[in-house]
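Here's the structure, in structure tokens; my notes come after.
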Ligand code: DAH
């Protein structure tokens, strides 16, 4: 019987070496320690031994049984580990550098914004900033945009609920708070905070209740410009915009002012550019921005004497500039954070 036990141990050990999976292991276990298993058969044979030999033999059998169980357990653990490793795939060394030598870069909108700020910085403009939350007075009324103006339609503007309060954002009366629809509100905050001469550029995020498509986004960026001094004329405006647009789009770019309307400038213009060097947009006039001479009403509203001071203002969309510069045909690319797009800049 001792020999039988040794044989069972030996055979089981050999069989375990080639086990490939749990079902096979279970089969082997059943064949050894199951009801009809080889070890069970030996244990049953104990009854045929002389009484005095039984305890010693019982001990040996139990020892073999626990040895076998240990072997099964070990084999099971190995199978589990192998399965885990397969599920995890090949090992990853997180300390390795990423494939290729990719380095991050600034977002194209940030690049264009910085470029514009830098162009104006070199001709004496400083950066003005205000909050993205505005009150109606700063965004509309002070900019000579009356209650019935289409821009004040709820369709276009994202208002906060009437009882929302922003303790740190000044408003005139009890008017509603909203997300600013343009950076023109920074003109007002600047003129209230500073005495002329004023020379500021105000880049920032704006919001409108637009349905998102290839050319509209509910969240976009503008850069406002404001210059208030003595004897400022349209010629000054024209000169500074020519300078900006040549720096942005190249020396060969032609510009023109087209009469237009904005509530806060009088006269108002749309600015178009024409260039042979703009990819698909080459050789045709394309609209790029709005501008005009600051309406005397606006100056009076913020306590600047329009008899003494005049000024010009302009506003351009940062997305629009980036799209023209890089031949991008869908505004949504800017906000999707897709590296295949971003890594091109
Ligand atoms: N605020 C205008 C808009 O969002 C853009 C604009 C036009 C700004 C003319 C100006 C300006 O300062 O003079 O469409």
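Region 20-43 and region 320-341 have Cα centres spaced 66 Å apart.
Rounding to the nearest 10 and keeping the result within 0 to 90°, find how far the Cα-based axis of helix 184-193 lies from the longest principal axis of the chain. For 184-193 against the chain, the angle is about 70 degrees. Beta bridges per DSSP, both residues in the chain: antiparallel share near 95 percent. With contributions of -39500 (n - 2.57) from each DSSP H run of at least four residues, the per-residue ellipticity at 222 nm computed over the chain stands at -12000 deg cm²/dmol. Residues considered: 149, 182, 107. Largest GNM mean-square fluctuation over the chain, using C-alpha springs under 10 Å, is found at 149. Our note on the geometry: Cα centres of region 84-117 and region 176-212, 35 Å apart. For the chain, treating each Cα as an identical point scatterer without solvent, what Debye log10 I(q)/I(0) comes out at q = 0.06, 0.10, 0.12, 0.15 1/Å? Calculated log10 I(q)/I(0) at the listed q: -0.45, -0.70, -0.92, -1.23.
In region 2-87, the ratio of gyration radius to Kirkwood radius, Rg to Rh, stands at 1.07 when only Cα atoms are counted.
Relative contact order of region 108-342, please, whole-number percent, based on alpha carbon pairs below 8 angstrom and at least 6 residues apart. Computed over region 108-342, the figure is 21 percent.
In degrees between 0 and 90, to the nearest 10, how far off the longest principal axis of the chain does helix 108-121 point, with axes built from Cα atoms? Helix 108-121 sits roughly 30 degrees off the main axis of the chain. Of all the options 84, 213, 93, the one that moves most in a Gaussian network model of the chain with Cα springs shorter than 10 angstrom is 84.
Just so you know, all these numbers are worked out from the coordinates, no wet-lab data involved. What you see is a predicted model; the values in this text were computed from it and never measured.
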